[in-house]
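Each remark here refers to the structure printed beneath this line.
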């Protein structure tokens with residue numbers, strides 16, 4: 001993804017330069033906006049598929065966030081009168097590189113939950129790099145604001161994937177699930193121990209009572 005974006009920037013620079021104006025995006029900025037819409041779509045489509053396959057809510061949560069990213073880029077597309085050729089169907093893109101990458105990521109993420117999480121890390125790492133490249137050649141204030149918000153979102157997504165605990169899948173414990181599950185286990189263990197102690201104390205009392213009766 002990164003190489004595609006850099007190549008598009010270079011081509012746009014040859015035709016229109018990178019100097020920003022107060023009333024229109026440069027060709028490079030237009031290219032970055034249109035590409036970013038489909039890059040965010042790739043992330044959303046992959047995460048939706050991985051959630052359907054593995055059931056980990058982290059994928060559905062971040063897929064919803066990626067949809068918000070797409071909506072944010074749409075505001076730039078509409079405001080600047082750009083022609084958006086982004087396909088509606090999942091897994092389809094006008095950039096051949098993204099279609100190929102989508103297929104690779106889906107195949108990798110289908111191998112195991114660990115591989116699916118690694119796909120999440122890879123996507124967010126690449127998104128961060130591409131957004132940083134875009135910001136380096138973007139001077140339009142509105143575009144910079146949207147790209148900066150997307151960058152911050154991708155940083156949060158990356159942290160979420162890196163910190164995700166696979167053992168929480170299907171437990172309903174959610175964020176910090178392992179800690180919560182361990183705490184629950186410890187509580188149950190403690191409750192069982194207290195119950196046994198209570199039972200022992202009760203048994204001992206009855207024995208003593210019985211002994212007194214016999215005496």
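What follows is calculated from the coordinates using simple rules that are stated; it is not laboratory data. What you are looking at is a predicted structure, and each value in this text was computed from that prediction instead of being measured. All Cβ positions, even for glycine, are placed from backbone atoms using ideal geometry, and neighbour counts span all protein chains on display.
What the table below lists for this structure:
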| read-out | value |
| --- | --- |
| Three-way shape label, the stretch 2-164, alpha-carbon gyration tensor, a/c 1.5 | prolate |
| Peptide ranges 53-61, 99-107 listed from the most packed, as the mean C-beta count within 10 angstrom indicates | 53-61, 99-107 |
| Mean Cβ neighbour count within 10 Å, used as a protection proxy, ranking 80-86, 35-41 highest first | 35-41, 80-86 |
| Ascending count of other beta-carbon atoms within 10 Å, so fewest first, for 140, 127 | 140, 127 |
| Compactness of the stretch 53-100 as Cα Rg over 2.2 N^0.38 Å, two decimals | 1.39 |
| Percent RCO, i.e. relative contact order, over the stretch 50-142, from Cα pairs under 8 Å lying at least 6 residues apart | 20 |
| Principal axis dimensions, largest first and in whole angstrom, of the stretch 94-172 by Cα | 45, 30, 16 |
